[in-house]
1. Of VAL87, VAL25, VAL107, which has the largest mean-square fluctuation in a 10 Å C-alpha GNM of the chain?
2. Over every pair of different alpha-carbon atoms in segment 78-167, take the mean of 1/r and invert it; report that Kirkwood radius in Å.
3. Order by neighbour count: ILE65, ILE155, fewest other Cβ atoms within 10 Å first, most last.
4. Placing +1 at every Lys and Arg Cβ and -1 at every Asp and Glu Cβ, with all other atoms neutral, what dipole size does the chain have around its Cα centre, in debye to the nearest 20?
5. When a/c reaches 1.5 or more, the comparison of a/b and b/c decides; with that in mind, is segment 193-239 rounded, prolate or oblate per its Cα gyration tensor?
6. May I ask you to list the trypsin sites (Lys or Arg not before Pro) in segment 105-207 that are in a DSSP loop and have at most 14 other Cβ atoms within 10 Å of their Cβ?
7. Only counting other Cβ atoms within 10 Å, I'd like CYS73, CYS111, CYS199 sorted with the fewest neighbours first.
8. Starting from the Cα gyration tensor of segment 23-128, take the square roots of the eigenvalues, sort them a ≥ b ≥ c, and report rounded, prolate or oblate (rounded when a/c is under 1.5, otherwise prolate if a/b is larger than b/c, else oblate).
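Nothing in this text is a laboratory measurement; each read-out follows from the coordinates by a stated rule. Worth saying up front: this structure is predicted, and the values here are computed from it rather than measured. Positions of Cβ are backbone-derived with ideal geometry, glycine not excepted, and every protein chain shown enters the neighbour counts.
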Amino acid sequence: MAAGVAGIAAYGAAYPRSQLFGSTVCRTNSPRKLALTFDDGPNPKITPKLLDLLDRFRARATFFIIGKHARECPDLLKETAARGHVVGNHTDAHPNLFWLKPDQITVELRCCNYSIIAATGAASRWFRPPFGFRNPWVVPVARELKQRVVMWTLIPGDWRATSSEWLIPRMGPIAERAQRNLNAAGAANGAASMGDILCLHDGSHRQLNADRLPTLAALEHWLPRWRDLGLEFVTIDEAVSTPAT
Ligand SMILES: [Zn+2]
């Protein structure tokens with residue numbers, strides 16, 4: 001019994017599509033929409049290059065930033081928002097929320113939000129919990145602060161990547177699903193009315209100037225291929241708004 005309860009708690013805490021601890025956004029509302037999300041920035045070493053790469057493909061993305069990093073480089077965060085991307089809350093210091101009480105979670109979200117407002121002038125409407133870990137209080141606290149919790153459909157583990165050769169095949173499921181869902185046969189079969197949310201990292205919660213060059217190189221490989229498959233790169237706002245007809 002104890003093992004069963006622990007198992008359920010672990011499932012609710014970490015399984016990205018679990019709704020056990022409250023409603024979360026864990027897919028886009030159209031197979032044509034791919035939501036690119038980047039966690040653990042801003043990162044002066046990587047984010048400026050990433051913004052240029054995204055511009056080349058007219059891609060808009062969502063950046064779940066860490067408050068303490070944002071205070072080190074507010075201008076970079078301001079530029080990220082000014083270039084059309086959505087900024088989301090990823091806590092102030094990246095703790096595992098599973099162990100925190102509601103008031104501690106509130107402080108983490110509020111401090112990050114202050115840093116976002118200070119840099120961009122606007123509050124975040126989106127929140128992603130560090131490590132994907134939730135407990136029964138995370139979603140209600142976020143909701144009270146007018147933020148919806150965002151998870152993912154694919155997390156290829158780019159923080160472990162030492163090369164793009166390692167990372168590129170781990171991002172392959174996006175193209176495989178798009179091929180299946182966007183062709184005529186897929187449509188006739190009532191293809192899944194959902195699209196992917198990809199979780200990548202432009203920074204690290206351990207340090208400010210982390211090396212995420214394999215992530216950039218893997219995106220450089222996939223962005224033109226995803227575009228040619230007919231995928232549109234959307235922010236998380238667009239991911240849940242009315243689907244394009
Ligand atoms: Zn993180």
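1. For the chain, modelled as a Gaussian network with Cα springs under 10 Å, the answer is VAL107.
2. Numbers: mean 1/r = 0.0706 Å⁻¹.
After inverting the mean inverse Cα-Cα distance, the result is 14.2 Å.
3. Numbers: ILE65 32, ILE155 18.
Final ranking by Cβ density, sparse to dense: ILE155, ILE65.
4. Working: 29 positive and 22 negative charges, 78 e Å.
Value, rounded to 20: 380 debye.
5. On the way: a/c = 3.37, a/b = 1.59, b/c = 2.11.
Oblate, because a/c is 1.5 or more while a/b does not exceed b/c.
6. Values: sites: ARG110, ARG125, ARG134, ARG143, LYS146, ARG148, ARG160, ARG170, ARG177, ARG180, ARG206; in loops: ARG125, ARG134, LYS146, ARG206.
Passing both the DSSP loop test and the Cβ count: LYS146, ARG206.
7. Details: CYS73 20, CYS111 16, CYS199 23.
Ascending Cβ contact count within 10 Å gives the list CYS111, CYS73, CYS199.
8. On the way: a/c = 2.07, a/b = 1.27, b/c = 1.63.
Here segment 23-128 falls in the oblate category.
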